[in-house]
Amino acid sequence: ASADLARMAKKAGDISAERIVPGDALKMLEQDHREVEAFFEQYEKLEDESEKLKLAAKICVALTVHTRLEEELIYPLGRKEIEETDLIDEAEVEHASAKQLIADTARMSPGDDLFDAKVKVLGEYVKHHVKEEENELFPTMKKEADVDFYDVGKKMAARKTAMLTDLR
């Protein structure tokens, strides 16, 4: 999987790890959500295949890094700290579906049948996932988890920087 990620990063071009600022972990994840939502909006307007390829690769890299951060740092905390772990179960199932679409997209090119459809459906999955996280999971974690989310944010920033640096 990391070879696929490296290939996507190469197609994506400029991926910077310097701008990652530690903060509240949940706010950092929400910033990632806004960034990838903007990428999907930009993608919808593109017609040039090379621009589509580059932006689709950027989307795939951003989502891959983001899902790893959630799976390594946030979901295990949630399982330990909150009562309603079915929210995390659903999030992990949604991640599995998104990962499959990311893997499919990574193996394709904009001229291929279904490429645009895969990117579009991925965007719809992500929109649904983000809504559930931001309206249900994150508020529950803020309320129930006895966790310093700034401390988690420091770990998250370090992990994200390491993952992005490894892709160069």
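The values are calculated or read from the model by the stated rules, or taken from the named source; none is laboratory data. Keep in mind that this is a model prediction, so the values were computed, not measured. Cβ atoms come from the backbone with ideal geometry, glycine included; neighbour counts cover every protein chain shown. SASA here: full protein model, heavy atoms, side chains in, ligands and nucleic acids out. Shrake-Rupley method; radii C 1.70, N 1.55, O 1.52, S 1.80 Å.
Taking into account only those residues within segment 80-107 that are of a type in the set (S, T, N, Q) and closer than 18 Å to Glu70 by Cα, which is modelled with the lowest pLDDT?
Ranking the qualifying residues of segment 80-107, first place goes to Thr85.
Going residue by residue through segment 95-118, is there one that turns out to be within 15 Å of the chain's Cα centre (by Cα), open to solvent by 40 Å² or more (accessible area, probe 1.4 Å) and more than 14 Å from Cys60 (Cα to Cα)?
no
Take segment 108-146 and flag every residue that is modelled with pLDDT under 95 and touching a Leu at 6+ places or on another chain (Cβ under 6 Å).
The answer is Pro110, and nothing else.
Please go through segment 143-168 and pick out each residue that is closer than 29 Å to Glu41 by Cα, among the basic types (Lys, Arg) and surrounded by 13 or more Cβ atoms within 10 Å (Cβ to Cβ). Write out each step before concluding.
Let us first name the residues in segment 143-168 that are closer than 29 Å to Glu41 by Cα, namely 153, 156-168.
After this cut, where a residue has to be among the basic types (Lys, Arg) as well, the list is 159-160, 168.
If the condition is that a residue be closer than 29 Å to Glu41 by Cα, among the basic types (Lys, Arg) and surrounded by 13 or more Cβ atoms within 10 Å (Cβ to Cβ), then Arg159, Lys160 are the ones that fit.
Taking the stated definitions as given, is Glu30 open to solvent by 70 Å² or more (accessible area, probe 1.4 Å) and either within 14 Å of the chain's Cα centre (by Cα) or modelled with pLDDT of 95 or more (or both)? Break it down into steps so the answer makes sense when it comes.
Numbers: open to solvent by 70 Å² or more (accessible area, probe 1.4 Å): no; either within 14 Å of the chain's Cα centre (by Cα) or modelled with pLDDT of 95 or more (or both): yes.
No; evaluated as a whole, the condition is false for this residue.
Has segment 9-27 got at least one residue that is in a helix (DSSP H, G or I), out of contact with any Gly (no Cβ under 7 Å at 6 or more places or on another chain) and modelled with pLDDT of 95 or more?
Yes - at least one qualifying residue is present in segment 9-27.
Please work out if Leu73 is surrounded by 13 or more Cβ atoms within 10 Å (Cβ to Cβ), at pLDDT 95 or above and closer than 19 Å to Gly123 by Cβ.
no
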